[in-house]
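Peer 1: Just passing along the structure, written as structure tokens.
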Amino acid sequence: KSFDNNGGKLYRAKGDSIAVSGGQSIADVTPNCTVGSAVVGVNSVTISGNGVANGKLSIMAGKSVQLNAAVLPENATNKTVSWTSSNSSVANVMGTGLLTAGKAGTAAITATADGVSSKITVTVTSAPQPSGDIVIAGAESGKVVGNEEFQLTAREKDGSSFENVEWSIPNTDLLKFINGGFSKTSTGRTVNLKAEFSFMRDDYADTVVSVKATRADGTVLTAQKKLSVGGYDSWSNSDPVDSITPSADGLVKTGDDEYTLTMSAGSSKHVDLKVLPSNARQLPLWSKLGGDDSVVTVDGDGTIYAHKAGTFQTSATIYNRYFNLTVVVK
């Protein structure tokens, strides 16, 4: 309590009520109240960012992306967002939401505001690395005749397949992917290509075929094959194919242009081709005639892989000649 200049008593009290003793009264009371603001809680948090879709984000190792968190309602009292990662060695996230991909794997990224959270799953894949582990088989000489069709195969050194294979060429002036709609790109273990000659010339022009292959563990490998494509003269000076004679260990001729090859599951054999005359086109196109794809794999260079017991029929064609091959796997 205190006294005013006239000797009167001034009382100050705090709280939402004042108790006055019986028989006493308070006059000239001026309340001085402060009312606090209402607290508005957070209802939802939503994570967004380049590449984020359906709660998932795929990103390559070493890359970064800015994540954002939308907090609702707009007038929430505490909209401060904190970020956490379940595995910072895979995906590290800073307090600003900047995510940096580390090693290959998966991690959960969580954004939290006022106790309300949102989560996305981040999958990190290995960065592409030039590697000799990719074998690009086919067109072994590195030269193809103008207007010639041929095959290339991308495989592991042990012959096994990649999870995914993507092919590309710089342009379609010299080469086109037949099974890519005569385009600059194609996919699959084995692809068919056609050499072009865009004008009259008697020399060869160089180009490259690039391949990006992904293993089952997410490892991405890249490789290139350099090819020299012949001009008009290389085509006009090549003769039609008179004969194709295949040879391989265990190969048996069973009729005109008909052969049988017996193999054991888990083995591989290479079918060599002797093409006459020598100035005829030399590169074959292998195609499936019948059978289960899980029994046999045939690559563009004539390598045959036997996977399990069964029968598979294939054919090799060079321009105007062909032969049929039945592979029996035991």
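Conditions tested, residue by residue: (1) under 30 Å from VAL42 (Cβ atoms); (2) touching a helix residue (DSSP H, G or I) at 6+ places or on another chain (Cβ under 7 Å).
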| residue | (1), (2) |
| --- | --- |
| ALA111 | yes, no |
| SER118 | yes, no |
| ILE136 | no, no |
| GLY142 | no, no |
| GLU149 | no, yes |
| LEU152 | no, no |
| GLU163 | no, no |
| PRO170 | no, no |
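Peer 1: Pairs under 9 Å by beta carbon, first residue in the same structural domain as HIS270 (by TED's automatic domain parsing) in region 138-155, partner modelled with pLDDT of 90 or more, six or more apart or different chains?
Peer 2: none
Peer 1: Does region 167-181 include one or more residues that are within 22 Å of ALA316 (Cα to Cα), in a loop (DSSP other than H, G, I, E, B) and of a type in the set (Ser, Thr, Tyr)?
Peer 2: No, because not a single residue in region 167-181 is within 22 Å of ALA316 (Cα to Cα), in a loop (DSSP other than H, G, I, E, B) and of a type in the set (Ser, Thr, Tyr).
Peer 1: Determine if region 290-300 includes at least one residue that is over 34 Å from the mean Cα position of the chain (by Cα) and surrounded by 13 or more Cβ atoms within 10 Å (Cβ to Cβ).
Peer 2: Within region 290-300, none of the residues are over 34 Å from the mean Cα position of the chain (by Cα) and surrounded by 13 or more Cβ atoms within 10 Å (Cβ to Cβ).
Peer 1: Right, here's the next one. Is there a residue in region 188-199 that is surrounded by fewer than 12 Cβ atoms within 10 Å (Cβ to Cβ), in contact (Cβ under 8 Å) with a residue 12 or more places away in the chain and in contact with a helix residue (DSSP H, G or I) (Cβ under 8 Å, 6 or more places away or on another chain)?
Peer 2: yes
Peer 1: Here's a follow-up. Test of understanding: among ALA265, ALA216, which residue is in a loop (DSSP other than H, G, I, E, B), under 24 Å from ILE136 (Cα atoms), assigned by TED's automatic domain parsing to the domain that holds ALA309 and in contact (Cβ under 8 Å) with a residue 40 or more places away in the chain?
Peer 2: Answer to the check: ALA265.
Peer 1: A further question follows. When CYS33 is evaluated against the numbered criteria (1) in a loop (DSSP other than H, G, I, E, B); (2) at pLDDT 90 or above, which criterion, by number, is the only one it fails?
Peer 2: (2)
Peer 1: Quick check on this structure: which one of THR96, THR77, THR100 is under 23 Å from VAL39 (Cα atoms), of a type outside the set (Asp, Glu) and surrounded by fewer than 18 Cβ atoms within 10 Å (Cβ to Cβ)?
Peer 2: Criteria check complete, one pass: THR77.
The values are calculated or read from the model by the stated rules, or taken from the named source; none is laboratory data. Bear in mind that the values here come from a model prediction, so they are computed numbers and not experimental data. Here the Cβ is made from the backbone with ideal geometry for all residues, glycine too, and neighbour counts use every protein chain on show.
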